[in-house]
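Notes follow once the structure below has been shown.
The values are calculated or read from the model by the stated rules, or taken from the named source; none is laboratory data. The model shown is predicted, which means the values in this text are computed figures rather than measured ones. Reconstructed Cβ throughout: ideal geometry from the backbone, glycine too, with neighbour counts over all protein chains shown. SASA here: full protein model, heavy atoms, side chains in, ligands and nucleic acids out. Shrake-Rupley method; radii C 1.70, N 1.55, O 1.52, S 1.80 Å.
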Amino acid sequence: MKKPDGANPAKLLWFVVIVFIAYVIFKSPGWFMNKPIPGSLIMMYMFFAVVAALLVMTSTDESTQGLFAPIKALVEDPSKKIIRNAVFVIAPIVGALITYNQIKPGFDAPVELRATHPAPPTIMKAYDKTFNLATLENPFRKLQTENPEKFKEAVKEGGAVYFKNCFFCHGDKLDGKGHFAQGFNPLPLPFQGKDTIAQLQESFVFWRISTGGPGLPKEATPWLSAMPVWHTFLSEDEVWKAILFIYDYTDNAPRSWVSANSKKDG
Amino acid sequence: MKIYAPLLALLLSAAPSITFAGGSVEAGKGVYEKRCVWCHGETGAGDGPASSFLSPPPRDFTAGVYKWKSTPFDEMVPSDEDFMRMIKGDPSHNGISGWTGMNGTSMPGWSDILSDKDAADVTAYIKKFAELGTPQKPAINTANAPKSTKEGIERGKKIFENRCAECHGREGKGSGTKKLKDDWGARTWPRNLTKAWSFRVGNDVKDIYTRVTVGIPGTQMPSFADPGSNKKLSDEERWDAAVYVNSLDAPRKKPTDNTVIKAMRIEGALPDKTDDPAWNAASVTSFYLVPQIIAQERHFTPSLDTVSVGAVYNSDEIAILLEWDDRTRSLPGDAKAIEIADGDVFVDGVAVQWPRNLAEGEKPYFGMGDAANPVNVWFWQSESAAGAGQTVRLLDAKGFKDAQTRDPASVGLKATGVYDNGTWRVVMKRALTTKDAEKDIQFSEGKFIPIAFAAWDGSNQEKGSKHVMTTWHWLLMQPATKSTVYVWPIVIGLVIAGVEFLWWRSARKKRDTGQGMR
């Protein structure tokens, strides 16, 4: 008797391999980068991965048969008795274990989602004034081209502001790892690298500094941020100079639509 | 070859300026003025803009005295490798996660920013401040490190009690019996040897041996290898002492990523006392304490660094045990306490903060709540005078400027603390529910409850807003595991087995009929 076409287990093997690779991908941030994806999300992703693989692999009758034939053969073919018995014992145990892992009480801290760079408001209040964030500029920035000596001085003054007020958390190296950083959650923002303040306009940075944690919108969990409300401690000029310093020290430039346009014009 | 060796040695020692690993003073100045001036100052005197906010203060390079080095006690200059390690840091320092620099200071490890050449250049420049040359004596030999054995620890313990306990305390927690200052006039405290991550460069046996052998220049920590000292120890004795000190580490005090305190359910009455054996059932979670630097008056020089918390509950009440190392028992008016404190002595204290309402999503501001989300604070303080008794208060706060006191007896809140050998232990206890659910947190099983802490060391001039604190963490009253947790897996397993059986039987039937037809 000729075996059914699909008894070749290649197709089923492919399915298992694809699902396994998906699992490894979802797990790897946790294994290699110490940033695990929460278990409940992995379950959801795996569900979609299995459904997607099934949809693709059962798109034609032929491929459907190819996928399920080995399973069918396992049950129906008397020559596979030993494997079948093994599978029949293992399957209920695996099912029971998965169920147990799903319903056993978990004691991991709840996952709290939080926006790191929330959308800024159009206007903000500080120093008994109202600032329009769309047009707000650093008053010392123009010195960079107009009077480099004075600019250098302003940066240095900003450095002194930073090292008397900010570096305890944001760090000696501006890497967000100051000597008190470990006590806070969220951790203080690093300024090194091209993916933090380089992506922000100076007006955004001014907003974040002067109104601090309590000035954050709800999606950024203002109740957790340890950022002080700096307009109660520092003058406007001190804040702007500290901003100059954090860009200068990290070799970053603020994001600016205006300068991009003026460069084109000039 | 033999003839040349002494000649070579002579050449090397006679030419200190060229043997220093290629560091350029000029290039070092550039790096120093960008990276180091903020703490160490333009003239190297340790007086940069940040210096007055730091404890310990930044090194003053003009004196040419380095507290940490591996060259012998009678050699002033650290080795090139010492400078590299001080500047670049090393993961072996085993400090707070992400920190590779000098533990317990604000000097980070610079290896991600400075190259070996940069570090050598900076070394050349900072040595120039005190005109330091090349060390004439090599680093002490740590190649003979013994294995840590029970006998070695026993021998080390005897040496410790004899030589070290005087300053480091009987249990090695550095609890103060003396007022110590370094040569620059800054207050110093003996290391708490039970906190391995707080040692400047880690608690490896070799590094401890180096410290014992070299001492800490500029401080009261002497070299125990100095033949002129009546405290001198033999080489073996110093290794034994190092092995013993290394064994004092209490890893449970080091905070981990876990932020959940698991309160265990127990039957019967909850413990009232701090030394009740019932606490052994509680699992301990430790958290970092950092100074309050958010609102006036800000605090920059803390003395307390961690708090360890355990909790138990029964059907009526919850009890929390707070444990933290504090080198000083702060008793205002007490002559000894005043002498050690170096200033005014206030009471010690600890506080636990809870959100008043356990609504999903939004928490109160972690610094004493906000107008929309008030908090309850349970506040314990040590006695304000001998025999005056400890106090417990209940605060309702809507921000740090808006706190009202309420009678703790009205909700049955109790707290009591015991100070022993450098550690405070405080038990707080309250009923799970109160009459007024509007005003008080109501505890229930299986819920993640936000919890935050604050602590005060009165001998460190901590009072009011000057204190150390944590951010929000969680407390979970862990319910007893329900039997359904075991029933459902069995049911699922049986269902799968049943389906398999039916499938197999129908397949066999089909095959049998198929064969019958043939």
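The 1.4 Å probe gives accessible areas that order A:Leu136, A:Leu187, largest first, as A:Leu187, A:Leu136. Please say if chain A is rounded, prolate or oblate, where rounded means a/c under 1.5 for a ≥ b ≥ c the square roots of the C-alpha gyration tensor eigenvalues, and otherwise the choice is prolate for a/b larger than b/c and oblate otherwise? Verdict is prolate for chain A. Between B:Ala371 and A:Asp108, the FRET efficiency from the beta-carbon distance, with R0 = 25 Å, is close to 0.20.
Give A:Lys156/B:Lys127; A:Lys81/B:Lys510; B:Lys232/B:Lys253 a once-over and call out the pairs whose C-alpha atoms are over 22 Å from each other. Mind dumping the intermediate values first?
Working: A:Lys156/B:Lys127 25 Å; A:Lys81/B:Lys510 17 Å; B:Lys232/B:Lys253 32 Å.
Beyond 22 Å: A:Lys156/B:Lys127; B:Lys232/B:Lys253.
Between helix B:205-214 and chain B there is an angle of about 40 degrees, using the helix long axis and the longest principal axis of the Cα atoms.
Here the Karplus relation 6.51 cos²θ - 1.76 cosθ + 1.60, evaluated at θ = phi - 60°, turns the backbone of the range A:198-207 into coupling constants of 5, 8, 10, 7, 4, 5, 5, 4, 4, 4 Hz, with x for every Gly and Pro. For chain B, the 222 nm mean residue ellipticity estimated from helices alone, with every DSSP H stretch of n ≥ 4 adding -39500 (n - 2.57) and the total spread over all residues, rounds to -8000 deg cm²/dmol.
Which FRET efficiency value, to the nearest 0.05, do you get for B:Glu166 and A:Leu54 by plugging their Cβ-Cβ distance into 1/(1 + (r/R0)^6) with R0 = 56 Å? Each step should come with its number before you reach the end.
Working: r = 73 Å, r/R0 = 1.31.
Approximately 0.15, to the nearest 0.05.
Full extension of the chain between B:Lys439 and B:Asp116 yields a length gain of 110.3 nm, computed as 0.36 nm times the residue separation minus the alpha carbon distance.
For the range A:123-265, the fraction of C-alpha pairs farther apart than 24 angstrom is 28 percent. With N set to the residue count of the protein assembly as shown, report its C-alpha Rg divided by 2.2 N^0.38 Å to two decimal places. It is 1.17.
In this view, the solvent-accessible surface of B:Glu166, computed with a 1.4 Å probe and all protein chains in place, comes to about 100 Å².
Using only the C-alpha atoms of the range A:10-103, find the volume of their convex hull and express it per residue in Å³.
Values: hull volume 11.1 nm³, N = 94.
In the range A:10-103, the Cα convex hull volume per residue is 118 Å³.
The alpha carbon centroids of the range A:18-67 and the range A:75-98 are separated by 23 Å.
Can you send over the solvent-accessible area of B:Asp226, 1.4 Å probe, protein chains only, in Å² to the nearest 10? So the heavy atoms of B:Asp226 present about 50 Å² to solvent. Using heavy atoms of the protein chains and a probe of 1.4 Å, the accessible area assigned to A:Lys218 is about 130 Å². Inter-part distance, the range B:313-363 to the range A:197-228, computed on C-alpha centroids, equals 31 Å. Relative to the longest principal Cα axis of chain B, at what angle does helix B:484-517 sit, 0 to 90 degrees, rounded to 10? Roughly 70 degrees between the two axes. Label sites at A:Val229 and B:Ser92, each approximated as a point 7 angstrom past Cα along Cα to Cβ, lie 5.0 nm apart. The simple spin-label model puts a point 7 Å past each Cα toward its Cβ; for B:Asp342 and A:Lys150 those points are separated by 4.5 nm.
The HN-Hα couplings worked out from phi for the range B:38-50 by the Karplus form 6.51 cos²θ - 1.76 cosθ + 1.60 (θ = phi - 60°) are 4, 9, 7, x, 5, 9, x, 8, x, 10, x, x, 7 Hz, whole numbers, x standing for Gly and Pro.
With +1 on each Lys and Arg Cβ and -1 on each Asp and Glu Cβ, how big is the dipole of the range A:123-265 about its Cα centre, in debye rounded to the nearest 20? Numbers along the way, then the final one.
Details: 17 positive and 17 negative charges, 41 e Å.
Once rounded to the nearest 20, the dipole reads 200 debye.
In terms of overall dimensions, chain B has a Cα radius of gyration and Dmax of 29.7, 108 angstrom.
For Cα pairs less than 8 Å apart in space and 6+ apart in sequence, what is the mean separation divided by the residue count of chain B, i.e. the relative contact order in percent? Relative contact order comes out at 12 percent. For chain A, the longest principal axis of the C-alpha atoms and the axis of helix A:39-57 are separated by about 50°.
Which of these, A:Asn252, A:Asn101, A:Asn147, has the largest mean-square fluctuation under a Gaussian network model of chain A (Cα springs below 10 Å)? Residue with maximal mean-square fluctuation among A:Asn252, A:Asn101, A:Asn147: A:Asn101. For the segment B:153-161, counting C-beta atoms of other chains within 10 Å of every residue's C-beta and taking the mean gives 0.
So how far, in whole Å, is the C-alpha centre of the range B:435-475 from the one of the range A:141-166? Between the Cα centre of the range B:435-475 and that of the range A:141-166, the gap is 40 Å.
So which GluC sites (Glu not before Pro) in the range B:436-518 are both in a DSSP loop and have at most 10 other Cβ atoms within 10 Å of their Cβ?
Values: sites: B:Glu438, B:Glu445, B:Glu462, B:Glu500; in loops: B:Glu438, B:Glu445, B:Glu462.
Counting only loop positions with at most 10 other Cβ atoms within 10 Å, the GluC sites (Glu not before Pro) in the range B:436-518 are B:Glu438.
Rounded to the nearest 20 debye, the dipole size of the range A:10-103 about its Cα centre is 280 debye, using +1 on the Cβ of Lys and Arg and -1 on the Cβ of Asp and Glu.
Do me a favour and compute the ellipsoid semi-axes for the range B:412-518 from its Cα gyration tensor, root of five times each eigenvalue, largest one first, whole Å.
On the way: eigenvalues 826, 60, 33 Å².
Taking √(5λ) for each eigenvalue gives 64, 17, 13 Å, largest first.
Would you rank A:Met33, B:Met221 by solvent-accessible area, highest first, keeping every protein chain in place and using a 1.4 Å probe?
Working: A:Met33 125, B:Met221 50 Å².
Heavy-atom accessible area, descending, gives A:Met33, B:Met221.
Below 8 Å, C-alpha to C-alpha, sequence gap of six or more: please give me the relative contact order for the range A:156-266 in percent. Numbers along the way, then the final one.
On the way: 145 pairs, mean separation 33.0, N = 111.
Reported relative contact order: 30 percent.
Here the simple spin-label model places points 7 Å from the Cα toward Cβ, and for B:Glu131 and B:Thr405 these points are separated by 6.2 nm.
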